[in-house]
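Each remark here refers to the structure printed beneath this line.
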Amino acid sequence: MTSKRLQILSVLALGILILMTIAFESTEAHMAMLYPPPRGGYGTKEFDWRIHEFIGYKGFKYPCGGYNKGPNTNMKAGQLIPVRFWTTELTKTDKLPMKKVSEARHGGGMCEFSLSNNGGKSFHVIATYTKTCPDVMYEWPVRIPDNVPSCNDPGKCLFAWSWTAALVPQFYHNCADVTIEGSEDGQLPKKTIQLYDFSGHKKGVTFPGDGRSHDHGPGPIPAEVRIASSRKSL
């Protein structure tokens, strides 16, 4: 066999390997917040296909994955936010998927939703979902509490989602830039988000989940929906 043919076969083999790798990574894609649109999120000008990765993976930094400011979403105190999630197999995002989507949910785990008014120096918890979160097949209601302050400082006002998985010790974190019309004498909740599984924090941490790694789960727990939809801050 000539060296030229060997070179052609080598190039073809490399191309096949790359395609197989891309297909594998797409199948194994983790989760990211879809709505409100986060920094680096799907459908934004700043979209990065890698947004679904966990903090500490190949340069992904806390907070917000290290992404710069993205699109702004206007919110009001008392507003119920229908949070949704994304994975690379979800290409139609105008409504909830009607059929099974491979999600790499890692068995579910513990999701916290929070607000920051200092650009991510601290995040204050406004809702928590456990065991069945996250999941692209459902909306996850999160109410902006009645008693939070207004925030109109671009780049500093953030709505965030963080997830500590059930089957693997990995921590995910996405941030949406927001403005909030709140209360004149409002205060953010005292409770701040839990940080695990990346540099400077306790590692090897997982939370109980629903055990479903690539299939959708049973959805938001009704009791947690009631709490996440409550009008006052935690």
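The values are calculated or read from the model by the stated rules, or taken from the named source; none is laboratory data. Owing to the predicted nature of the structure, the values given are computational and were not obtained by experimental measurement. FYI the Cβ positions are ideal-geometry reconstructions off the backbone, even for glycines, and counts take in every protein chain you see. Heavy atoms of the whole protein, side chains included, go into the accessibility calculation; ligands, DNA and RNA do not. Shrake-Rupley method; radii C 1.70, N 1.55, O 1.52, S 1.80 Å.
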Low-density loop cleavage sites - trypsin sites (Lys or Arg not before Pro) in segment 151-229, where at most 12 other Cβ are within 10 Å (DSSP): 190, 202, 203
Projected label distance in nm at residue 91 and residue 122, using a 7 Å step from Cα toward the beta-carbon: 4.5 nm
Of 31, 118, 82, farthest towards positive along the dipole that unit charges on Lys, Arg, Asp, Glu beta carbons give segment 28-229: 31
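How much accessible area per residue does segment 28-229 have, in Å², with a 1.4 Å probe? Each step should come with its number before you reach the end.
Values: 8940 Å² over 202 residues.
That works out to 44 Å² for each residue.
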Net charge of Cβ neighbours under 9 Å - reference residue 209; Lys, Arg +1; Asp, Glu -1: +2
Low-density loop cleavage sites - GluC sites (Glu not before Pro) in segment 180-234, where at most 13 other Cβ are within 10 Å (DSSP): 184
Burial order of peptide ranges 38-46, 53-61 (average beta-carbon count within 10 Å, highest first): 38-46, 53-61
Residue (of 225, 188, 201) at the positive-pole extreme of segment 178-234, dipole from beta-carbon charges: 201
Within the accessible area of the chain (1.4 Å probe), percent carbon and sulfur: 56 percent
Those aspartates and glutamates that a straight Cα-Cα span of less than 19 Å connects to residue 58, excepting residues fewer than 8 apart in one chain: 25, 28, 46, 48, 197
Segment 94-114 residues near the modelled residue 79 label - backbone nitrogen below 18 Å, point 7 Å along Cα→Cβ: 113-114
Highest-first arrangement of 67-77, 169-179, where packing means the average Cβ count within 10 Å: 169-179, 67-77
Contact order relative to length of the chain, as percent, for alpha carbon pairs under 8 angstrom and 6 or more apart: 24 percent
Separation between Cα centres of segment 90-120 and segment 28-42, rounded to whole Å: 7 Å
Sum of -39500 (n - 2.57) over DSSP H runs of 4+, divided by residues of the chain (222 nm, nearest 500): -4500 deg cm²/dmol
Lysines with Cα under 29 Å of residue 191, excluding same-chain neighbours fewer than 8 positions away: 61, 69, 76, 121, 131, 156, 202, 203, 232
Neighbourhood net charge (14 Å Cβ-Cβ; Lys/Arg +1, Asp/Glu -1) for residue 43: +2
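Would you mind getting me the FRET efficiency between residue 215 and residue 152? Use the beta-carbon distance for r and R0 = 41 Å, nearest 0.05.
Taking R0 as 41 Å, the efficiency between residue 215 and residue 152 is 0.50.
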